[in-house]
Number of protein chains: 4
Amino acid sequence: MIVNMSDSATAEQIEHIIQRIREAGFQPHVTRGTERTIVAAVGSGGRRHEIEALSVAPGVDNVVAIAQPFKLVSRQTRPHPSVVNVRGVKIGGPEVVVIAGPCSVESREQLLETAHGVKQAGATMLRGGAYKPRTSPYEFQGLGIEALKILREARELTGLPVVTEVMSTEDVDLICEYADMLQVGARNMQNFALLRRLATAKKPILLKRGPSASVKEWLLAAEYLLSGGNDQVALCERGIKTFETGMRNTFDLAAIALAKELSHLPVVADPSHGTGKQSLIGPVSRAAIAVGADAIIVEVHPCPERALSDGPQSLDLAQFERVMRSLSSPLRAVLTPARA
Amino acid sequence: MIVNMSDSATAEQIEHIIQRIREAGFQPHVTRGTERTIVAAVGSGGRRHEIEALSVAPGVDNVVAIAQPFKLVSRQTRPHPSVVNVRGVKIGGPEVVVIAGPCSVESREQLLETAHGVKQAGATMLRGGAYKPRTSPYEFQGLGIEALKILREARELTGLPVVTEVMSTEDVDLICEYADMLQVGARNMQNFALLRRLATAKKPILLKRGPSASVKEWLLAAEYLLSGGNDQVALCERGIKTFETGMRNTFDLAAIALAKELSHLPVVADPSHGTGKQSLIGPVSRAAIAVGADAIIVEVHPCPERALSDGPQSLDLAQFERVMRSLSSPLRAVLTPARA
Amino acid sequence: MIVNMSDSATAEQIEHIIQRIREAGFQPHVTRGTERTIVAAVGSGGRRHEIEALSVAPGVDNVVAIAQPFKLVSRQTRPHPSVVNVRGVKIGGPEVVVIAGPCSVESREQLLETAHGVKQAGATMLRGGAYKPRTSPYEFQGLGIEALKILREARELTGLPVVTEVMSTEDVDLICEYADMLQVGARNMQNFALLRRLATAKKPILLKRGPSASVKEWLLAAEYLLSGGNDQVALCERGIKTFETGMRNTFDLAAIALAKELSHLPVVADPSHGTGKQSLIGPVSRAAIAVGADAIIVEVHPCPERALSDGPQSLDLAQFERVMRSLSSPLRAVLTPARA
Amino acid sequence: MIVNMSDSATAEQIEHIIQRIREAGFQPHVTRGTERTIVAAVGSGGRRHEIEALSVAPGVDNVVAIAQPFKLVSRQTRPHPSVVNVRGVKIGGPEVVVIAGPCSVESREQLLETAHGVKQAGATMLRGGAYKPRTSPYEFQGLGIEALKILREARELTGLPVVTEVMSTEDVDLICEYADMLQVGARNMQNFALLRRLATAKKPILLKRGPSASVKEWLLAAEYLLSGGNDQVALCERGIKTFETGMRNTFDLAAIALAKELSHLPVVADPSHGTGKQSLIGPVSRAAIAVGADAIIVEVHPCPERALSDGPQSLDLAQFERVMRSLSSPLRAVLTPARA
């Protein structure tokens, strides 16, 4: 880290910073310019926050961090891509994984029809919400344990591993009994109590990027999981909040490439939340694969206009089949090498 | 709600929408234009999500919501401002409340020195973190229950009621024993499991606005608390995420005025997180009061450059005194009527 | 458009709105709900702004626009994709066009080396700045007319048509003499004086999206060109400003698909400005083609670390060749049908 | 500037950077850490862009700028606040200036009624658009020279100096004949051709912040004016674009305090565009003064619901009088010292 002294810093103030850098466990290294002096804090064993706080010490203009703050998720720590194994389905391997299913489990019939349909169209994992985070308390909140049982039944019938969202530390054990992968929703990306609890769970985690989380913050959220003992983590880009109102979110496809450059973790793309618009799911799914996503997760409902949640961005089964065909073998064959 | 048919919608498609609006519990009302037809869903007892999902029905261009989705927090429901009573300190009354204290409780000495100092300067409530949400798992995470005990001691010695953050449903009971007001942090604003639990707590809640939450989403988060039974809720604006990097956040002062126009709940302003810059705390605190904030919450530390968290935005005690003097009686006297 | 009356609107206020809608050239159509009344302004010949201004009339809650405000650029007006012909190179046709070249023309040698290099690698158009918009007045501002002459020479030698930016109405005639396509830079997207002047130019226009322009505003900027008489317009997505600082901009790839759904105009993708990062140009170029872009425009410099502008996001010639190979025939063959 | 080498940088790569820093006119200064090496470019006479471009040199991780890029607008260059004199009205002096008038000049009657009304209520300058930047080509574009003549007449009758927007270099001479201050609109903040032309105009400039411009970019736009010879520049904050849709823009009041900390230029606040909502103009105007604005500029129209532009955010004369009373002497007396 670098402490950038102001033009008018006195020798005494510079000396104070040198002293404080030593106290924080770093070696100070001074560069005196014609106009200003900078003091680097060198070494890896020191306490970063003590250097950050020096931005308010007398004579200091600002403090600049040089190294990335994450460690275990970094490509520098582990240069080869990680593979997350969800009951045999490998996210991060040579095949692009397709996860599909309804936003919410609404009934046994609705889920089973969807599960069979998406499997037939080529999906290899099933999604479905049991506990739903909803902006308004008056919206459908999910069927809870009843939905978990239906999901388990769907897995037994179709063989598709199941991912479902966990919203609370209190539900972790229960959901682990039923699901094969636990999703941390975008709005819980920095629910650190939940992350710490999931770090000790024995299931892989799908970690959605928060709607206003930078890639760095997203990787640091994953760092909570890895540093707590769970390295079966797939990141999921699902769009960020911007001024654009023509789509539900701004789908940050380039962030998928950036995350894969910075980290060894696999990345899943969620075109349904990323755009919020049925008609865009096809093109942005193709773009997600082209940019290097290891999987896509798509909302599918037998009758979107009757969905209890996320209808406007859900595909019906016929639409999903068409999207799948547009992603089919030749394209994936061509794109997969390009991803390597 | 209004269903806006596309130019090419057929009579059959329009009839289908009319039928679906009836099924959802509303009365349909059709307006045929020269180019397009719109169908309003009239009434208050229907299921809104069923109308929203019609955006993907054949022949529909989009669906527009007319009424606000929140109820109990609305000024239309309760026209007079609410007052939140925190152990006798009234947020939302004629006096502007000043809440001050360190980001984190770091030690008994640090907190007691701060508590006495801010009281002497005129603060009427004490803040201090026991459980800290931190972007990185390698940063200081708070002293936990030890901090709660120190906070209680500070309250006994100074008489200042205490507000501290709760990060997990599992900590609610414990924190209720020690603190007078529970803070929901910005990153937990849409942690709905936590909101539902706090709706049944017997303490007032300070609900921070999420860094990418619209005012509407913020009010809906409060609606979780009120609809669950807790109407002792103060909103807290603490800055939103934008492209501007010159400050930690963009402090949305106008949103304070907007929130007070839409809702009866009192609003607290947090200039420390709102700007992240010591030198701006004074001017933006004055602006917050001028725009109608009912309270301000300010980070104060005996030695910001040694703070374990948020040093760059913390005031030392002398700086806090100067800010308080700049807000003192004449200004507040003048501003308070203007707020009415 | 729909005028949404407040709950407490009086019969007199509603009558006033009905009257004003008639004055503005629309037919009023009233829907009385259980709680509130809405009045639609029906017809296409009226004055929209007069209805918008009613949002401040007594008893009005808000005014909601239903129809899109653009006309000539709309798919509803012209359902088939437009093709922009730049001296024989067709943007919007079955082939994906690749435009490449340096950010700025720095010297005859630099440009000619680049032009020959990108042509050999497969580019079909040449870019190069003569007049440069620079954030600081102390940065390199371009070689002006000297650069235009060099660009013309490069075209003569390579046959590649040339696109260059125009920053001022006063330069339009001059640049039209030398270049084959005129670029409106992102920061000038709403320079309406410039747009009006270019509407009468006899050259195709490359219209970059402003860094904070919604897709709707971008299409309305294009509407200035078409309504003024120039329908040879290609849109260009080059990234928007968001909170994310890990890349120069947030590259809004989904907006390419959205723009093509709303408009018949072809869309060019600029991965260089879209990400600002050399290492991401390859993956996001592939994604741009997959999502439906008709062309990509890429910054290439013989020695990026010596570039006078945009070095960090420029490819050198060897890197550009590698990117081109990754986009080459099989991929493009597969992707091109998918775009249809 | 600091060149941050990657962990794996070789001695040869570091040597190359040292050499390139010398070539760019700086002295290199090397700090070798335990994990990585940084090389500072020391001195003030070098070419910054050559260092920036090193971010793509082999072995380099990134390049960090330390010093601010602006000079003449900086407080470090000129520590005392500048005063902009508009025909005797001083922006930046001890008195808060109030500029008021319609968005557009629509007719002689409309403007004169407004001018007399705002003067009576206490405004000391008049605003009014003659050339209007409009998002859609189908909206009212201003009366042009006819409006300029009406503005001059209003000045003669009321004595209020006049500010009006200039959209094109071609209009500068004409507008200088009629107006006392020229406004650069938000969408033209980085129209560098226009800025360069205005740098040689003999009139003061009101420079609006672009909707996605950082404070740094805004100051660099002003730097174009000062470095070109015009130091009569007032900055104007008018809101930025964010995800929040409850108001037209997010009014960045804290940026006013930040701009005044970084620069000696006076800052004007525009609550009309800043919020887009009539009902919020009063509170945010008070906040703007409290945070340190030197002036406010407010849209006023005799009948907002009939305004040809910006009706929803315009005050009528009675509303403007009420806002003025709420800002009146006692408040301003108290606040003015606080601003010093």
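Each reported figure results from applying straightforward, stated rules to the coordinates on display, with no laboratory input. Since this is a predicted model, take the numbers as computed values, not measurements. Glycine gets a Cβ as well: all are built from the backbone with ideal geometry, and neighbour counts include every protein chain shown.
Partner shielding of A:3-10 amounts to 1, given as the average count of beta-carbon atoms from other chains within 10 Å of each residue beta-carbon. Note on residue D:109 and residue D:87: the model spin-label points, each 7 Å out from Cα along the C-beta direction, lie 2.5 nm apart. With all projection directions averaged, the alpha carbon convex hull of region A:1-126 covers 13.2 nm².
Here's how it looks for residue C:298: its modeled amide H is under 5 Å from those of C:99, C:100, C:101, which are all 5 or more places away or on a different chain.
Report note on the peptides A:110-118, A:124-132, C:277-285: ranked by the mean count of other C-beta atoms within 10 Å, highest first, their order is A:124-132, C:277-285, A:110-118. Spacing of the modelled spin labels on residue A:15 and residue C:145, each 7 Å from Cα toward Cβ, amounts to 6.2 nm. A straight chain from residue D:245 to residue D:173 at 0.36 nm per residue would run longer than the Cα-Cα distance by 22.1 nm. Give me the net charge for the shell around residue C:269: Cβ to Cβ below 12 angstrom, other residues only, Lys and Arg +1, Asp and Glu -1. Taking every Cβ under 12 Å from that of residue C:269, the sum is +1. When the helices of the protein assembly as shown are scored as -39500 (n - 2.57) per DSSP H run of n ≥ 4 and the total is divided over every residue, the value at 222 nm lands at -10500 deg cm²/dmol. Label points for residue C:149 are taken 7 Å from Cα along Cα→Cβ. From this copy to the others they lie 4.6, 8.4, 8.5 nm apart, shortest first. Take each residue of peptide A:21-33, count the partner chain Cβ atoms within 10 Å of its Cβ, and average: the result is 3.
Taking the three principal axes of the alpha carbon atoms in region A:46-95, the coordinate ranges are 58, 18, 17 Å, sorted in descending order. If you run the Gaussian network model on chain B, springs between alpha carbon atoms under 10 Å, then out of B:87, B:322, B:22 the most flexible one is B:22. The relative contact order of region B:1-147 comes to 18 percent, based on Cα pairs under 8 Å that sit 6 or more residues apart. Take every Cα pair under 8 Å whose residues are at least 6 apart in sequence, average their separation, divide by the length of chain B, and the relative contact order is 15 percent. Would you kindly calculate the translational diffusion coefficient of the protein assembly as shown, applying Stokes-Einstein with the Kirkwood radius from alpha carbon pairs, for 4 °C and a viscosity of 1.567 mPa s, and quote it in µm² s⁻¹ without decimals? Translational diffusion coefficient: 40 µm²/s. Remark: mean inter-chain Cβ contacts per residue of B:61-68 equal 4, using a 10 Å Cβ-Cβ cutoff to other protein chain atoms.
Candidate cross-link partners of residue D:202 among the lysines, defined by an alpha-carbon separation under 21 Å and a same-chain spacing of 8 or more, comprise D:90, D:149. Of the residues C:58, C:137, C:69, the one that moves most in a GNM of chain C with alpha-carbon contacts below 10 Å is C:58.
Going from the residue with the fewest nearby Cβ atoms within 10 Å to the one with the most, D:250, A:77 rank A:77, D:250. Of the trypsin sites (Lys or Arg not before Pro) found in region A:139-226, those that fall in a DSSP loop while having at most 11 other beta-carbon atoms within 10 Å are A:202.
How many angstrom lie between the C-alpha centres of region B:213-244 and region D:249-310? After rounding, the separation between the Cα centres reads 25 Å. Counted by Cβ distance under 11 Å from residue C:191, the other residues give a net charge of +4, where Lys and Arg count +1 and Asp and Glu count -1. Each principal axis of the Cα cloud of region B:2-64 was taken in turn, and the coordinate range along them, longest first, works out to 31, 20, 20 Å. Using C-alpha pairs below 8 Å separated by at least 6 residues, the relative contact order for region B:264-322 is 36 percent.
Which entries in the list A:241/C:277; B:208/C:277; B:241/C:208; C:71/D:119 go over 32 Å, if you measure between the two C-alpha atoms of each? In this structure, B:208/C:277; C:71/D:119 exceed 32 Å between Cα atoms.
Rg to Rh ratio, region B:96-165, alpha-carbon atoms and Kirkwood radius?
Computed over Cα atoms, the ratio is 0.98.
Which value in Å is the Kirkwood Rh of chain D over different Cα pairs? Hydrodynamic radius (Kirkwood, Cα pairs) of chain D is 21.6 Å. For region C:186-285, the antiparallel share of DSSP beta bridges with both residues in that region comes to about 10%.
The residues packed around residue B:67, meaning those with a beta-carbon under 10 Å from its beta-carbon, carry a net charge of 0 if Lys and Arg are +1 and Asp and Glu are -1.
Classified by the C-alpha gyration tensor, region B:253-311 has a prolate form. Its axis ratio a/c, with a ≥ b ≥ c, is 1.5 or above, and a/b is larger than b/c.
When A:247, A:1, D:167 are sorted by how many other C-beta atoms sit within 10 angstrom of their C-beta, beginning with the fewest, the order is A:1, A:247, D:167.
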